[in-house]
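**Q** Following this message is one structure expressed as structure tokens.
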Amino acid sequence: MLLITSYKDYMKYNFEMIWNGGTVCPENWGMKNEIATFHRVYYVYGGEAYCNIDDKVIRLEKGHLYLLPVMHEYSMWHNPENPLDVLWFHVETDIRLCVQIEDIKIEENTVIYNLFETVRIITDDSEHYEELLEIFGIILSFAAEKIPFNTMSSKRMQSVMKYIDNNYGDPELDVDTLAELVKMDRSSFSRKFKKAFNIAPKQYIYAKRMNKAAQELARGASVYQAGNLVGYLDEKSFSRAFKRYMEVTPSEYRKCRVTLP
């Protein structure tokens, strides 16, 4: 993998791969009013598929890389007679990476194009999973360079984000705790947080917890263990919250995980 080694310096973004695959989507593929707690990243090989986001319908074009934002409602569908052929990734990373759908055309015979070709070959090969993650890190950094990053000047909001990321397992973590951390009243804090990150603080806490729980379940944790690790002391409450966000129960997710993009 000499190609990968020579590009390690471009791997700038931390991420967690929740699930990934390469799929020619079945006839009934699609989603309506989806609000994902993770970024969807699609690289399209072919087919006729569409995304409706912000009341705008976008066709997913062959040879394009798409990034879909966290906690942002959208619908997707395809023509079953010309099904979507796609490499797909469910990823937890910095929520500021994209706050709207991003569309990046990948030119043929470039380094990134060839990296996608490599991913397509190894995506279902568990022996090469670490190499797949390494390649995806390069792809993610490449994509980030093409997107105007949603920076913010407030060090207070940066400290809040870091605090959530380090304390999502605390059952006492809530919006009041965060507002107190930066010495702001709850309503002012919530407005500033949403302005900075395009997501309400309560939604972000839930998103972080559900993503981490999904990762723990996929690694073999029990439902109780996964819930406890993300701040739920009651297994039933955790199961309800998980199903609300992932659309399957934690037990179902643990057994089969998601098999479609």
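**Q** Per 10 Å bin, what is the whole-percent P(r) computed from every C-alpha pair distance within the chain?
**A** That works out to 6, 28, 35, 24, 6, 0, in percent per bin.
**Q** Any idea how far the Cα center of the stretch 201-261 sits from the one of the stretch 80-98, in Å?
**A** Centre-to-centre (Cα) distance: 20 Å.
**Q** Follow-up question, since we're still on this one. Pick out, in residue order, every one of the GluC sites (Glu not before Pro) in the stretch 155-254 that is DSSP loop and has at most 14 other C-beta atoms within 10 Å; say none if there are none.
**A** 172, 247
**Q** Could you pull out the GluC sites (Glu not before Pro) across the stretch 69-125 that fall in loop regions by DSSP (anything but H, G, I, E, B) with no more than 14 other Cβ atoms inside 10 Å?
**A** 73, 81, 107, 108
**Q** A further question follows. Enter the accessible area per residue of the chain (Å², integer; probe 1.4 Å; all protein chains in place).
**A** 52 Å²
**Q** So what's the Cα pair-distance distribution over the stretch 19-69, bin width 10 Å, in %?
**A** With a bin width of 10 Å, the distribution comes to 20, 60, 20.
**Q** Okay, next question. Compute the Kirkwood hydrodynamic radius of the stretch 123-261, taking the inverse of the mean of 1/r over all pairs of distinct Cα atoms, and give it in Å to one decimal.
**A** 17.0 Å
**Q** Something else now. On the accessible surface of the chain, probed at 1.4 Å, how many percent belong to carbon and sulfur atoms?
**A** Ligands and nucleic acids excluded, carbon and sulfur reach 45 percent.
**Q** When you have a sec, figure out the Kirkwood radius of the stretch 75-174 from all distinct Cα pair distances and drop it here in Å to one decimal?
**A** The Cα-based Kirkwood calculation yields 16.8 Å.
**Q** Another question about this same structure. Report the charge-dipole magnitude of the stretch 93-147 in Debye, nearest 20, computed about the Cα centre from +1 at each Lys and Arg Cβ and -1 at each Asp and Glu Cβ.
**A** 320 debye
**Q** While we're looking at this one, here's another question. Once you have a ≥ b ≥ c as the square roots of the Cα gyration tensor eigenvalues for the stretch 49-109, tell me rounded if a/c is under 1.5, and otherwise prolate or oblate according to whether a/b is larger than b/c.
**A** Judged from the Cα gyration tensor, the stretch 49-109 comes out oblate (a/c at least 1.5, b/c at or above a/b).
The values are calculated or read from the model by the stated rules, or taken from the named source; none is laboratory data. Here the structure is a predicted model, which means the values were calculated and not measured. Here Cβ is always computed from backbone atoms with ideal geometry, including for glycine, and neighbour counts include all displayed protein chains. We work out accessible area using only protein heavy atoms, side chains counted, and drop any ligands, DNA or RNA first. Shrake-Rupley method; radii C 1.70, N 1.55, O 1.52, S 1.80 Å.
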